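Below: one structure, written as structure tokens.
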Amino acid sequence: MRQAGNGQDSALMRRIAQTRAQLSDGRRQLLDGILGSLDETVFLSSRELATRFDTDAATIVRTTQALGYSQFADFARDLRSHFLTHVNPYRIMAREVTVHRGAAFHVQACLDRDFDNVRVTRERLDPAAIAAAGARLYRSRQVVVVAGDLEHSLAAFLAYTLSALSLSASAPAGEGLTLHRQRALGRGDALVAIGFRRCLRVPVEAVQAARKAGAYTLAITDAPTTPLARLAETSLLVPIEGESFASSYAPTMAAINALAVACAHADPKNTLKVLKPTDEEYVHGPRWYREPMPPRPARARRGRQ
């Protein structure tokens, strides 16, 4: 799962750079046109692109195939990923407003994208590699999960799940606390860093410090070219391309769940021992809501005879 590459180039731009010399002038001009007006082209189908550039859909598809894509949908996914690395959520939403097709359409597109991303995650992630990463975390003295901004919620979920397995896991919130926790890492410890695209500074610097200290580092990110993927010892790569301004974290949650399962099965007998108290707690524990007992009907008093 260890990946390396140039973090400045998207997958699409690498393909174009590798094949550009073999492309005809017409195909190069077509690609330059698509990239030169990303705000308009990134949401278009092959037929819509054909109409915009006064050609036919077959030419569009053959051009993407010349880049090595088996189908247009794969090209469209990489085009959108390239677009998202160069824009912010406001620009994405502003573009969608100009081609607004109704809220229901965009909701359906969002659900379809999440399902597709989870499917891609299932196909790309190696179960054996995840099992190996889970075993490394399970053997660690402590696991620190670092992420910033909205992604901290993912870090908190992973740390909570690992803690339920009796691992010493935490997801420090705030740059100061994160700094203190990562300074305590050393050999025998592990750091999980979550970040995507350009990556926030805090998780990247945490990986750098953890590796220097000799701790095991695992990145959950979206491409082999991200700073986290290039720095961490191991990487889990999941797509996050959303259909709107918000990223799709459904595949990230799927990967986190798989990682937690890997930890649980690193020593299944001990996991059963740890979880045994929950068996009774789930039945009789005070945390669960219970419907109040209905009041007993009052007994009718017998009158004197």
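Every number here is computed from the coordinates shown, using simple stated rules; none is lab data. Worth saying up front: this structure is predicted, and the values here are computed from it rather than measured. Cβ coordinates were reconstructed from backbone atoms using ideal geometry, including for glycine residues, and neighbour counts include every protein chain displayed.
Quick notes on this one:
- Ranking of CYS110, CYS199 by count of other Cβ atoms within 10 Å, fewest first: CYS110, CYS199
- Estimated D of the stretch 152-285 in µm² per second, where Rh is the Kirkwood radius over Cα pairs and Stokes-Einstein applies at 20 °C, 1.002 mPa s: 134
- Between the stretch 169-183 and the stretch 208-228, the alpha-carbon center distance in angstrom: 16
- Linear extension gain, ARG296 paired with ALA135, 0.36 nm per residue minus alpha-carbon span: 52.5 nm
- The C-alpha atoms of the chain define a longest principal axis, and helix 103-124 lies at about 90 degrees to it.
- Fraction of the pair-distance distribution of the stretch 211-305 above 15 Å, Cα-Cα pairs, percent: 78
- Segment SER37-GLN71, length gained on full extension (0.36 nm per residue, minus Cα span): 10.1 nm
- In this Cβ point-charge picture (+1 for Lys and Arg, -1 for Asp and Glu), the chain has a dipole of about 1480 debye about its Cα centre.
- Between VAL261, VAL144, VAL107, the Gaussian network model of the chain with springs among Cα atoms under 10 angstrom shows the greatest mean-square fluctuation at VAL107.
- Matching label, volume of the Cα convex hull per residue in Å³ computed from the structure shown, candidates (i) 151; (ii) 218; (iii) 122: (ii)
- Theoretical ellipticity at 222 nm over the chain - DSSP helices of four or more residues, -39500 (n - 2.57) apiece, nearest 500: -17500 deg cm²/dmol
- Taking each residue as 0.36 nm, the span from ARG28 to ALA173 lengthens on full extension beyond its C-alpha to C-alpha distance by 47.5 nm.
- Selected from SER235, SER70, SER81 as most flexible by GNM, with the chain as the system and alpha-carbon contacts under 10 Å: SER70
- Note on ARG198/ALA104: beta-carbon distance plugged into 1/(1 + (r/R0)^6) with R0 of 45 Å gives a FRET efficiency of 0.90.
- Take each peptide in 150-160, 267-277, count the other Cβ atoms within 10 Å of every residue, and average; sorted highest first, the result is 150-160, 267-277.
- On Cα atoms only, tilt of 250-264 relative to the major axis of the chain in degrees: 50
- The chain: angle of helix 25-36 to the longest principal axis, Cα-based, in degrees nearest 10: 40
- The chain: most fluctuating residue of THR63, THR217, THR178 per GNM, C-alpha cutoff 10 Å: THR63
- Cβ crowding within 10 Å ranks HIS180, HIS284, HIS106, HIS82 as HIS284, HIS180, HIS106, HIS82, fewest other Cβ atoms first.
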